[in-house]
Amino acid sequence: GLSSQAYFERRLRHLDAEHYSAAGLLPFRNGSQGIELLLPLERPWNSFTKSYDPLGWNLFGGKRIPRQEKSAGTTATRAFMETASEISEGPQNETVERWLRTGAVLWYPMGKFALVVVDVTQEKLDDLPERYKEFKSKAGPTEEMQVNSYGVSRWRKQIDALEWVPVSSLLPEASGEISDLLNSCLQVEGFRAFLDGSTPFEEIPEGSGELPHSSGGKEPGNGKGWDKGNAGYDKGKGKGKFGKGGKDKGKGKGGPGKGMMGQEKGMWMDMGPNSGMGMGMGMGMVPVPFGGNKGGMQMAPQVYYPAYEQDSSEVQRQLYGEQLYLLVQGQAPSPYLAQKITGMLLELPTNELLLNLQSTEELQRRVQEALEVLREDGIVE
């Protein structure tokens, strides 16, 4: 399952990389006062108290955008660029992606949060706080909402300033106000050892898993169309998606995976202004009574869900995914593979997806095709 203990390593472990809920970026440099961290001075929104927390040092971070962000690096880059892109001649996406290649990852299990730590000592960022201050002075009042790179409208973060903060101002105790999230990360043993100089950055353990890359929100296929991280696929053998007239006409181009539905049991929703961090609210599915079906397997009847004013198709797919997962569990060798296969089934057009909820034979056929692709990719023995 997901890692229940925090760690600080070069790689994000596979299940953590697949099921993370939020991510952030932490640039650091080796300055005149030792290690210095680039932190936003922010009033973070608290979804529990429904109010802003006090102004203090925080992290650049945000919640994962479901079905669009496939890696922690992508989420971390987007969260950082929401602020950095406002600065004249500030860092570009390509620059941040280069940083990620040599970064390390702190995993904080309570919020399934991945913090990508990157060394920017050789970058020309010394005056970034001054340039952000200049932007703030010229910008004047700003809209409360902003549209991000995915076209999603989100609450604008309440960031007053950017600061290079020496570690001596954070450890052993913070000299100023800091967010709960930053405080929690500072308690992680391996990260603390790096900050106090006990473990040089180049000696951080490699670990096992995935590098904190960023793909701009689009994960390419691998020729078979199988996205190993997130389970969307097109077999590419002349049959199209799941071997039946898919729109890619068997060219094997594949497409982005759609994420996993089994474990999360709900989509992450914004709870209010600047709710880039903190816990999400799951939209749980009310169990549907299953009727009998030949073949000895219980199938769910077709269910018509009410329309939602916002993200209707996303919510509906979420509900379909939860229902499918319950059915796939009985045919998959393990819960992990059931999650993989469910994500693959969610790649199908809606009419074919619904057919799997209604027909035992169709679902069994699709599950076997999915297992075949997973076997070819070495995920199933």
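Return the pair list, or none, for Cβ contacts closer than 6 Å from residues in region 162-176 that are among the hydroxyl-bearing types (Ser, Thr, Tyr) to residues that are open to solvent by less than 30 Å² (accessible area, probe 1.4 Å) and modelled with pLDDT of 95 or more, at least 6 apart or on different chains.
Correct list of pairs: Ser175/Ser169.
Scan region 57-98 for residues that are acidic (Asp, Glu) and touching a helix residue (DSSP H, G or I) at 6+ places or on another chain (Cβ under 8 Å) and jot them down. Lay out the reasoning, then the answer.
Within region 57-98, the subset acidic (Asp, Glu) is 69, 82, 86, 89, 94, 97.
Correct list: Glu69, Glu86, Glu89, Glu97.
What number goes with the only condition from (1) open to solvent by 80 Å² or more (accessible area, probe 1.4 Å); (2) aromatic (Phe, Trp, Tyr); (3) modelled with pLDDT of 95 or more that Trp155 does not pass?
(3)
Filtering region 83-96 down to residues that are in a helix (DSSP H, G or I) and open to solvent by 30 Å² or more (accessible area, probe 1.4 Å), which residue is farthest from Glu130 (Cα to Cα)? Walk me through how you get there before you give the answer.
Going residue by residue through region 83-96, those that are in a helix (DSSP H, G or I) are 83-84, 93-96.
Remaining after also requiring open to solvent by 30 Å² or more (accessible area, probe 1.4 Å): 93-95.
Working: Asn93: 21, Glu94: 22, Thr95: 20 Å.
Checked region 83-96; the qualifying residue farthest from Glu130 (Cα to Cα) is Glu94.
Any residue in region 354-365 that is at pLDDT below 85 and surrounded by fewer than 19 Cβ atoms within 10 Å (Cβ to Cβ)? Talk me through it step by step, then tell me what you get.
Of the residues in region 354-365, the ones at pLDDT below 85 are none.
No, region 354-365 has no match at all.
Report every pair of residues separated by at least 6 positions or lying on different chains whose Cβ atoms are under 9 Å apart, first residue within region 113-127 and under 21 Å from Ile65 (Cβ atoms), second of a type in the set (D, E, K, R) and buried (at least 19 other Cβ atoms within 10 Å of the Cβ).
Close Cβ pairs (under 9 Å, with a partner that is of a type in the set (D, E, K, R) and buried (at least 19 other Cβ atoms within 10 Å of the Cβ)) amount to Ala114/Asp16.
Residues of region 41-74 being polar (S, T, N, Q) and either open to solvent by 10 Å² or more (accessible area, probe 1.4 Å) or under 20 Å from Ala174 (Cα atoms) (or both), which ones? Talk me through it step by step, then tell me what you get.
First pass over region 41-74, keeping only residues polar (S, T, N, Q): 46-47, 49, 51, 58, 68, 71, 74.
Passing the criteria: Asn46, Ser47, Thr49, Ser51, Asn58, Gln68.
The values are calculated or read from the model by the stated rules, or taken from the named source; none is laboratory data. Here the structure is a predicted model, which is why all the values come from computation and not from measurement. Positions of Cβ are generated from backbone atoms using ideal geometry, with glycine treated the same way; all protein chains shown enter the neighbour counts. Each accessible area value is taken on the protein alone, full model and side chains, heavy atoms only, with ligands, DNA and RNA left out. Shrake-Rupley method; radii C 1.70, N 1.55, O 1.52, S 1.80 Å.
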